[in-house]
1. Select from the stretch 2-13 the residues that are small (G, A, S) and closer than 21 Å to P372 by Cα and list them in ascending order.
2. Checking D268 against (1) out of contact with any Phe, Trp or Tyr (no Cβ under 6 Å at 6 or more places or on another chain); (2) open to solvent by less than 70 Å² (accessible area, probe 1.4 Å): exactly one of these is not met. Which one?
3. Among (1) part of a helix (DSSP H, G or I); (2) under 19 Å from G19 (Cα atoms), there is one condition A143 misses while meeting the rest; what is its number?
4. Would you mind stating whether L117 is more than 25 Å from the chain's Cα centre (by Cα) and touching a residue at least 12 places away in the same chain (Cβ under 8 Å)?
5. Considering only the stretch 177-188, how many residues are surrounded by 13 or more Cβ atoms within 10 Å (Cβ to Cβ) and of a type outside the set (V, I, T)?
6. Give all pairs with beta carbons closer than 9 Å in which a residue from the stretch 35-57 that is over 25 Å from I92 (Cα atoms) and without any contact (Cβ under 8 Å) to a residue 12 or more places away in the chain meets a residue that is assigned to a strand (DSSP E or B) and among the small types (G, A, S); count only pairs at least 6 apart in sequence or on separate chains.
7. Only residues that are open to solvent by 30 Å² or more (accessible area, probe 1.4 Å) and assigned to a loop (DSSP other than H, G, I, E, B): list them for the stretch 146-165, please.
Amino acid sequence: MTDALAGIRVLDVATLFAGPMAATLLGDFGAEVIKIEHPRGDPARGHGPQRDGTGLWWKMLGRNKKSVTLDLGHPEGQRILRRLVADVDVLIENFRPGTFERWGLGYEALRAINPRLILARVTGFGQFGPYAHRPGFGTLAEAMSGFAAMTGAPDGPPTLPPFGLADGIAALATAYAVMTALRARERDGVGQQVDLAIIEPILALLGPQLIAYDQLGELPPRLGNRSANNAPRNVYRTRDDAWVAVSTSTESIAARVMRLVGRPELTDRPWFATGTGRAAHADELDAAVNRWVAARDLEEVIREFEKAEAAVAPIYTAADIFTDPQYRALETVTTVPDDDLGAVRMQNVLFRLSGTPGRIRWTGPALGAHTPEVLGRYGIDTAELERLATMGVL
């Protein structure tokens with residue numbers, strides 16, 4: 001079976017997370033992703049947990065990619081990149097605006113080499129505007145989007161996520177943008193430039209906060225694990241010291257929960273009929289659910305909620321994910337052989353296609369492992385590789 005993106009060639013010239021993760025998503029479905037790294041290596045190789053000096057995050061982020069070392073700050077590196085650009089479909093970069101232009105690698109220059117090229121530019125603040133030249137990371141997007149302001153306990157500070165949330169959302173958006181541009185190229189025959197600012201995709205997913213402020217002058221409060229739109233919605237501790245999350249986004253589910261926990265009379269109250277009405281009485285609803293859950297062990301809580309057809313889930317750690325039967329059925333976690341670590345388990349591809357499923361062909365490779373293979377396609381032989389290495393270009 002041919003991979004869905006077989007024949008699509010991607011140059012991943014980005015570092016760390018949003019841009020490289022977008023390339024990973026494309027590689028998972030068959031695109032040939034050529035990872036261009038500085039001879040010192042992508043910083044992601046040393047980011048996060050390591051085993052015996054091997055970066056574990058890199059093993060996931062670098063999967064299905066071919067590693068080629070190239071110093072783009074050197075004229076020789078720029079010359080080689082131009083040769084590669086003539087033969088690729090997509091280039092993903094995340095340098096500060098103006099850097100590629102200073103190197104003679106701006107969109108107009110690259111388009112002159114390859115009119116079908118899609119240049120995806122992923123930066124903190126976009127290619128123009130007063131903040132364009134600031135250094136930008138996902139944390140700043142989580143702050144500026146309103147996410148941090150609405151996250152956390154009511155009496156606590158704004159709260160940032162403990163992982164690259166904005167980067168991950170931007171990666172998904174970048175992959176979507178690239179696929180959209182590829183479809184347009186299929187129709188029109190020419191490529192285009194993608195300008196993606198990390199501050200924007202997370203903002204798009206934060207619900208009606210902007211239109212609510214525009215029309216009502218309202219700002220979303222920090223509610224901890226509660227919701228302003230429905231109740232009960234919270235996390236609750238079981239008798240055996242586990243935690244469960246309960247969600248009641250519809251009146252019928254909320255009514256089932258109240259009957260299950262022994263408070264059916266609450267469903268007759270006028271305020272119970274709307275999500276905002278229930279949210280206004282969250283203290284009373286939470287107290288009822290909390291008492292019921294606290295008197296039972298996790299296994300019984302899950303079983304009884306399922307019998308009542310009410311929405312519940314245990315609060316998991318990574319250890320629980322490995323053993324969960326639903327994740328096992330979906331093969332959400334897969335085992336991949338690795339040259340450095342033996343076999344490793346990691347998240348599988350993002351979704352299942354019935355005809356052209358994605359796959360993990362290999363984990364993040366050694367630095368420069370594919371330099372001879374890839375550059376050899378362009379007539380760069382062993383002697384030339386040695387010369388470039390001596391110059392520090394590779």
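The values are calculated or read from the model by the stated rules, or taken from the named source; none is laboratory data. Remember, predicted model here, so these are calculated numbers, not experimental data. With ideal geometry, Cβ positions are generated from the backbone for all residues, glycine too; neighbour counts draw on all protein chains shown. Heads up: the accessible areas ignore ligands, DNA and RNA and are worked out on the full protein's heavy atoms, side chains in. Shrake-Rupley method; radii C 1.70, N 1.55, O 1.52, S 1.80 Å.
1. From the stretch 2-13, those small (G, A, S) are 4, 6-7; that's our starting set.
Passing the criteria: only G7.
2. (2)
3. Single failed check for A143: (2).
4. Numbers: more than 25 Å from the chain's Cα centre (by Cα): no; touching a residue at least 12 places away in the same chain (Cβ under 8 Å): yes.
Judged against the criteria, L117 is not a match.
5. From the stretch 177-188, those surrounded by 13 or more Cβ atoms within 10 Å (Cβ to Cβ) are 177-182, 184-185; that's our starting set.
Pick out the ones that are also of a type outside the set (V, I, T) and you get 177, 179, 181-182, 184-185.
Selection size over the stretch 177-188: 6.
6. P49/G55
7. Step one: filter the stretch 146-165 for residues open to solvent by 30 Å² or more (accessible area, probe 1.4 Å), giving 147, 149-151, 153-155, 157-160, 162-165.
Of everything in the stretch 146-165, those that are open to solvent by 30 Å² or more (accessible area, probe 1.4 Å) and assigned to a loop (DSSP other than H, G, I, E, B) turn out to be T151, A153, P154, D155, P157, P158, T159, L160, P162, F163, G164.
Matching residues to (1) in the same structural domain as Q50 (by the TED database); (2) not polar (S, T, N, Q):
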site: F305; (1), (2): no, yes
site: A310; (1), (2): no, yes
site: T323; (1), (2): no, no
site: T335; (1), (2): yes, no
site: P365; (1), (2): yes, yes
site: Y378; (1), (2): yes, yes
site: E384; (1), (2): yes, yes
